[in-house]
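Asks: Dropping the structure in here first, questions after.
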Amino acid sequence: MEEIFDSRYPSTEHLREQTRRRLPRFAFEYLEGGCNSELNLRRNTEEIREIRLRPHYLTEFTGTDLRTELFGNTWEAPFGIAPIGLQGLMWPRATEILAAAATAHQIPFVLSTVATADIETVARITEGRAWFQLYHPAEDSLRDQILDRVEAAGLSVLVLLADTPVFGYRPKEIRNGLSIPPKMTAENILQMMGHPTWSLSQLLAGVPKFRTLMPYIPAGLDMKHLGLFMNRTFSGRLTPERIAAIRDRWKGKIVIKGVVTEEDAETAISLGVDGLIVSNHGGRQLDAGESTITALSRLARSCGDRTVLMLDSGVRSGPDIACALASGARFVFLGRTFMYGVGALGKKGGEHVATMLKRQLRQVMDQIACERPSDLPKHRITP
């Protein structure tokens, strides 16, 4: 495979700045934003970067192999593309662009229930290797219809979202009219006029919609009533009873996303799930919560030998990936970094980011003489 890499944007920071220029402010702030004062949004990344790694220089070393086995598949790197809602709002057809990048680089792509491409389209692009993240519906009948489609599409890993029992209080989204119910303000329209490339691309792609959910949304709803429908349809907590019911009917792997405490981890393991993604929804739900790397380090000690631990939230770069793996994660998922790539470079952005992250991660592992991602915990310096 020919690698796509644009040397003008060798880091996430370069991609972010270009994305900021190319997107209307409301779209960029939707991508960037956290809840309340965005303390936990910043804490996630800051505390990952407090991890230190120990290099070994005077040793035999044959090179790094990034390949990682997970749930019966061997992936070309120990990271994947996190589920992101309303990707098409930030850049037209972003979901399809990132699914294609994941396929080209042989890394997992996780499709959100509220993404702007449907299950069947993403399954086709990823050759059935995508994962699906389920926002649990209030009605079991809708849950079963969605799960039947996921199974029919050949996707084998189901991610159950636990960390959004209520919609987060996100001041930037409220100000920009992207709260529930959403509204388009005059200021947003002016911002779109100031970004003609984005606006023309959106016009050609069509209005972003929750494509997976379109068969279940009543026709003719205005934006206010669509917001009320979504609020009513996806309300409530992911209870043990709901997990058990899905475990009974789902034949593939089940992962719970959003676990950060030992108690929740033990409950999930007792219910027979196959893995946990330690996540706080990218700092978009609970500002007073702890960072994901802190929670991961603790869970690695308490249950890391009994389940597959993964990490999402706060990871932005190859060194961040290395530090997360060194702290006990088997696999890492990134969302904002991949969206910065698409925002900056359009169709080439997803592949550029995958190439960039592989190069950054390999450089760290070569530097410290770490052959495999699974060996990184041996290199973590424990305070």
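Asks: About the Cα centre of the chain, how large is the charge dipole given +1 on each Lys and Arg Cβ and -1 on each Asp and Glu Cβ? Please answer in debye to the nearest 20.
Replies: Roughly 700 debye, rounded to the nearest 20.
Asks: Another question about this same structure. Please work out how many pairs of lysine residues in the chain are eight or more positions apart (or on different chains) and have Cα atoms closer than 17 angstrom.
Replies: Lysine pairs meeting both conditions in the chain amount to 5.
Asks: Follow-up question, since we're still on this one. Within 10 Å of each residue's Cβ, count the other Cβ atoms and sort SER313, SER37, SER327, SER235 from fewest upward.
Replies: Fewest to most other Cβ atoms nearby, the residues stand as SER37, SER235, SER327, SER313.
Asks: Taking neighbour Cβ counts within 10 Å as the exposure measure, how do THR126, THR19, THR292 sort from fewest upward?
Replies: Final ranking by Cβ density, sparse to dense: THR126, THR19, THR292.
Asks: Taking loop as defined by DSSP and a crowding limit of 14 other beta carbons within 10 Å, which GluC sites (Glu not before Pro) in the stretch 204-278 fit?
Replies: Here no GluC sites (Glu not before Pro) fit, given the DSSP loop and packing criteria.
Asks: Set Lys and Arg Cβ to +1 and Asp and Glu Cβ to -1, take the dipole of the stretch 12-379 about its Cα centre, and tell me which of PRO137, ALA94, SER313 lies farthest positive.
Replies: So the residue furthest toward the plus end is ALA94.
Asks: Pick from ALA268, ALA153, ALA219: which is most flexible by mean-square fluctuation in a GNM of the chain where alpha carbon atoms under 10 Å apart are linked?
Replies: Largest GNM mean-square fluctuation: ALA219.
Asks: When GLU13, GLU173 are ordered from fewest to most other Cβ atoms inside 10 Å of their Cβ, what list results?
Replies: GLU13, GLU173
Asks: When the dipole is taken about the Cα centre of the stretch 264-383, and only Lys, Arg (+1) and Asp, Glu (-1) are charged at their Cβ, what size is it in debye, to the nearest 20?
Replies: Computed charge dipole of the stretch 264-383: roughly 420 debye.
Asks: Okay, next question. Count the net charge of all other residues whose Cβ sits under 15 Å from the Cβ of ASP163, scoring Lys and Arg as +1 and Asp and Glu as -1.
Replies: 0
Asks: Most fluctuating residue of ALA117, ALA138, ALA186 in a GNM of the chain with Cα springs under 10 Å: which is it?
Replies: Comparing ALA117, ALA138, ALA186 in the GNM, the peak value goes to ALA186.
Asks: Exactly which chymotrypsin sites (Phe, Trp or Tyr not before Pro) in the stretch 45-125 are in a DSSP loop and have at most 14 other Cβ atoms within 10 Å?
Replies: TYR57, PHE61
Asks: Another question, then. Suppose a student asked you for the relative contact order of the chain, using Cα pairs under 8 Å spaced at least 6 residues apart; what percent would you report?
Replies: Relative contact order comes out at 29 percent.
Asks: Of all the Cα-Cα pairs you can form in the chain, what percent are over 37 Å apart?
Replies: For the chain, the fraction of Cα-Cα distances above 37 Å is 16 percent.
Any read-out appearing in this document is the output of simple, stated calculations on the displayed coordinates, not a laboratory observation. It should be emphasised that the depicted structure is a prediction, and the values quoted were computed from it without experimental measurement. Note that each Cβ is placed from the backbone with ideal geometry, even for glycine, and that neighbours are counted across all protein chains shown.
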